[in-house]
Amino acid sequence: MLIWKELYNECSNCHKCKLADNRINMVFGEGNVSAKLMFVGEAPGADEDRLGRPFVGRAGQLLTKGLEALGLTRDRDYYIANVCKCRPEKNRTPYEDEARACIGYLRNQFALVKPKIVVCLGATAMKFIMEPAISKLSPNLLENKYEGAAIEDEWKSAVQSGEMRITRDRGKWIKINNLYMMSTFHPAALFRDESKKKLFWEDLKKIKIKYDEV
Ligand code: URA
């Protein structure tokens with residue numbers, strides 16, 4: 001495990017995948033490095049690439065404002081980073097090999113921040129962060145790992161198949177090794193489908209409640 005400065009330098013010099021060839025800036029992550037809450041997105045967009053900061057474009061501003069309305073500010077209350085630290089061209093979804101090349105950096109960030117709550121923003125973060133955790137669970141172990149039978153039922157399909165689906169599995173907490181995890185829509189998805197706004201807002205409120213609890 002690297003400490004912050006070493007990790008930042010390693011990411012800045014990284015050429016493990018082709019995304020490095022076209023980046024203006026590597027987008028490392030930002031926020032309170034000791035926060036109990038950490039958000040994970042997919043990869044930088046154009047604004048993030050230009051500025052070297054995560055979630056500063058239109059989608060990021062929507063998220064930031066929603067969290068601020070609940071009293072959560074980036075500097076003080078959470079850390080935010082992405083699965084991939086460089087922008088895929090035309091904002092396409094990162095390829096599997098790109099995500100796999102980069103994910104170790106995010107895991108290092110988890111190890112340094114030591115959050116109590118991790119929230120995956122969108123299907124990519126969910127797939128690379130939450131799904132591997134879920135797929136290690138056996139259905140028989142469910143009862144011990146979760147808090148209550150209702151939750152066990154909620155997660156049955158995901159645990160049995162080892163696969164999560166954002167529309168089915170968003171907004172639900174799972175607690176694994178003392179870490180609470182949840183996935184919700186990527187804020188960019190709200191611009192494509194207005195009907196997701198209400199669910200997204202409900203999820204943010206759940207996050208605030210958990211934040212106050214832990
Ligand atoms: N979308 C992401 O997933 N991450 C960002 O940093 C910006 C937009």
message = Here's a check for you: in the range 106-159, which residue that is at pLDDT 95 or above and polar (S, T, N, Q) is surrounded by the most Cβ atoms within 10 Å (Cβ to Cβ)?
response = Q109
remark   = Taking the range 166-213 and keeping only residues that are away from the ligand (no atom under 16 Å from the Cβ), at pLDDT 95 or above and among the β-branched types (V, I, T), one is left with T167, I207, I209
ask   = Hey, among the residues in the range 168-199 that are under 17 Å from Q61 (Cα atoms) and in contact with a helix residue (DSSP H, G or I) (Cβ under 6 Å, 6 or more places away or on another chain), which one's surrounded by the most Cβ atoms within 10 Å (Cβ to Cβ)?
value = T184
query = Could we say that K36 is surrounded by fewer than 17 Cβ atoms within 10 Å (Cβ to Cβ) and not aliphatic (A, V, I, L, M) here?
reply = no
note = Pairs returned, first residue in the range 36-57 that is more than 8 Å from the ligand (Cβ to nearest atom), second residue that is part of a helix (DSSP H, G or I) and β-branched (V, I, T), beta-carbon separation under 7 angstrom, 6 or more apart or interchain, are M38/V113; V40/I129
query = What about G60, is it more than 10 Å from the ligand (Cβ to nearest atom), at pLDDT 95 or above and part of a helix (DSSP H, G or I)?
reply = no
query = Identify, please: which residue in the range 39-66 is among the basic types (K, R) and more than 20 Å from K197 (Cβ to Cβ) and is, among those, surrounded by the fewest Cβ atoms within 10 Å (Cβ to Cβ)?
reply = R50
Pick from the range 200-214, criterion touching a residue at least 24 places away in the same chain (Cβ under 8 Å) and charged (D, E, K, R), ranking: surrounded by the most Cβ atoms within 10 Å (Cβ to Cβ) = D203
task = Would you please name the residue that is farthest from I3 (Cα to Cα), looking only at residues in the range 70-103 that are surrounded by fewer than 14 Cβ atoms within 10 Å (Cβ to Cβ) and out of contact with any helix residue (DSSP H, G or I) (no Cβ under 8 Å at 6 or more places or on another chain)?
result = K90
message = Can you report the number of residues in the range 16-53 which are over 16 Å from E89 (Cα atoms) and in a loop (DSSP other than H, G, I, E, B)?
response = 9
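The values are calculated or read from the model by the stated rules, or taken from the named source; none is laboratory data. A quick note: this is a predicted structure, and the numbers were derived from the prediction, not measured. Here the Cβ is made from the backbone with ideal geometry for all residues, glycine too, and neighbour counts use every protein chain on show.
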